[in-house]
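Presented below is the structure to which this report refers.
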Amino acid sequence: MFARRRLLFAVSRTLEVKGIVCIEPLVPFALLEGERLSKGDRLELRRPDGAVIQTTIYGLEWPYPSKGALIMTLPPQVKKTDVPEGTEIWKVHSDEESCE
């Protein structure tokens with residue numbers, strides 16, 4: 001199967017809350033809707049050192065108070081040290097999905 005990738009954003013900061021990595025910047029609603037992002041979507045994390053990590057979206061959480069965007073979280077096996085500042089977050093599209 002052929003997979004395409006699309007750059008979503010670069011990480012500006014990571015937080016770890018109860019063993020779950022939360023990444024900033026917050027994901028704006030326009031990007032969520034445009035990319036149809038949802039829990040379980042495949043991601044590729046491209047670190048500044050050239051390492052690449054395959055993972056998925058663990059969750060999209062509402063911050064309080066709401067800021068017009070959601071917090072993207074990564075699965076528990078991904079640690080804060082795996083996602084340094086500058087890491088690029090890419091969505092992996094299968095050939096059945098539109099990447100337009």
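Only the coordinates and a few stated rules stand behind these numbers; no lab work does. All values derive from a computational prediction rather than experimental measurement. Glycine also receives a Cβ, built like all others from the backbone with ideal geometry; neighbour counts cover every protein chain displayed.
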For Leu31, indicate whether it is over 16 Å from Asp82 (Cα atoms), hydrophobic (A, V, I, L, M, F, W, C), surrounded by 14 or more Cβ atoms within 10 Å (Cβ to Cβ) and touching a residue at least 24 places away in the same chain (Cβ under 8 Å). no
Selected residue [of a type outside the set (S, T, N, Q), more than 18 Å from Glu16 (Cα to Cα) and touching a residue at least 24 places away in the same chain (Cβ under 8 Å)] from Pro48, Pro76, Pro65, Pro84: Pro48
Looking only at residues that are hydrophobic (A, V, I, L, M, F, W, C) and touching a Ser or Thr at 6+ places or on another chain (Cβ under 6 Å) in region 19-42, which one is nearest to Val92 (Cα to Cα)? Ile23
